[in-house]
1. Enumerate the pairs (first residue in region 188-216 and closer than 11 Å to Val230 by Cβ; second residue anywhere and part of a loop (DSSP other than H, G, I, E, B)) with beta-carbon separation below 7 Å, excluding pairs fewer than 6 apart on the same chain, so at least 6 apart or on different chains.
2. Which condition number in (1) out of contact with any helix residue (DSSP H, G or I) (no Cβ under 9 Å at 6 or more places or on another chain); (2) surrounded by 15 or more Cβ atoms within 10 Å (Cβ to Cβ) is the one that Arg275 fails?
3. Scan region 277-299 for residues that are at pLDDT below 85 and small (Gly, Ala, Ser) and jot them down.
4. When you look at Ile286, is it part of a helix (DSSP H, G or I) and open to solvent by 40 Å² or more (accessible area, probe 1.4 Å), yes or no?
5. Among the residues of region 45-58 satisfying the criterion of being buried (at least 17 other Cβ atoms within 10 Å of the Cβ) and touching an Asp or Glu at 6+ places or on another chain (Cβ under 9 Å), which is farthest from Arg176 (Cα to Cα)?
6. Among (1) part of a helix (DSSP H, G or I); (2) surrounded by fewer than 19 Cβ atoms within 10 Å (Cβ to Cβ); (3) modelled with pLDDT under 90, where does Trp256 come up short?
7. Taking region 171-206 only, how many residues are within 15 Å of Val132 (Cα to Cα), in contact with a Ser or Thr (Cβ under 7 Å, 6 or more places away or on another chain) and either β-branched (Val, Ile, Thr) or open to solvent by 50 Å² or more (accessible area, probe 1.4 Å) (or both)?
8. Looking only at residues in region 125-163 that are in a loop (DSSP other than H, G, I, E, B) and in contact with a Phe, Trp or Tyr (Cβ under 6 Å, 6 or more places away or on another chain), which one is nearest to Val230 (Cα to Cα)?
Amino acid sequence: PLLGERDVLTPDAVEANAAAALFLDRARQVVPDLDLDARQARQVVELCRGLDGMPLALELAAGRLATFGLDDLVDLLERRLDVIGDRAGGRVDRHRTLRTTIEWSYDALDGGHQRLVRSISVLPGGVSIRGVDRLARELALGVDGIEAIGHLVDVSLVVRSDASSGSRYRQLETVRAFGLDRLEHSGELERTLEVAAVWMLDFIAQADEGVHTPEESVWVDRVRHELPNVSAARRFLSQRGRVAELIAISAGMSEWARMREAQEVWEWADDLATRVDECSRQQRVIVLGCQTQGRWRRGDIAGALESGEAGLALAEGDAL
């Protein structure tokens, strides 16, 4: 629970409070020598109350201590929250409080860092350090992607996690939703989704080769991490009727799906099979081949025989 007006607000009592401890732990990552006196202890409590003890809001606020002192931080956040608050009731809606805290952290960034926040939001599976660099270059964000991502981690707009194939950088869903909203309002959404889709198509082509090499396990792990991004790229391409690229995704992912028993990937082939009228004869053969494998792996033997025979009939006499 948050400390109230009647609670003792000594530095020790504040340090022992869960919400305040979270804020202070994150704050000391950016200001290691932060040592509370009685006045600062009260300020931390005030800040925690204003942010309703929400963990993400507290982390975002703490991340700004590298730029603002505690006095300024409390004052600036109070003013932002007063604008949206219900003064009569003395409360601020939790969702609006969190959004305002994210917005405040975002507004404190320069233009290039803001664009990186927006751009990463189209990647629900996060991104590797090489991916950040590629994104920054291809979208001409005006920042060094590798340096910029470190700053976004510092201010809690991006979270870093460890993976066997290297660090991954992702946004919590609340931050990602904010980034997507800003991306749409800036008119950059279509272009960013297009770049991400082309990137995923390139990745799938590399992975399809990689899973047949001695580095199979490395590529299997990489695809696992990128799968949410591949799925997002597929939705983008599907909404725009780009069947040839959808086929490239299903075909390129088929071997990985076999290794991982990936139901989602097999369902993509089923979906494509409903759009065969949009395909060339050769493309239909590929789609039916992917669908056959998916049906077989799911134990639908009759369905696999049906689509397999249809594919063979189409392929008969073709030089594929």
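1. These pairs meet every condition: Ala196/Val122; Ala196/Leu123.
2. Only one criterion in (1) out of contact with any helix residue (DSSP H, G or I) (no Cβ under 9 Å at 6 or more places or on another chain); (2) surrounded by 15 or more Cβ atoms within 10 Å (Cβ to Cβ) is unmet by Arg275, namely (1).
3. Ser280, Gly294, Gly299
4. Considered against the rule, which asks whether it is part of a helix (DSSP H, G or I) and open to solvent by 40 Å² or more (accessible area, probe 1.4 Å), Ile286 comes out as yes.
5. Per the criteria, the residue is Val45.
6. (2)
7. 1
8. Looking at the filtered set, the residue picked out is Gly126.
The values are calculated or read from the model by the stated rules, or taken from the named source; none is laboratory data. Predicted model, so just to flag it, every value in this text is computed and none were measured. Because the Cβ atoms are built from the backbone with ideal geometry, glycine has one as well, and the counts that use them run over all protein chains shown. Please note that ligands, DNA and RNA were not included when accessible areas were found on the heavy atoms of the full protein model with its side chains. Shrake-Rupley method; radii C 1.70, N 1.55, O 1.52, S 1.80 Å.
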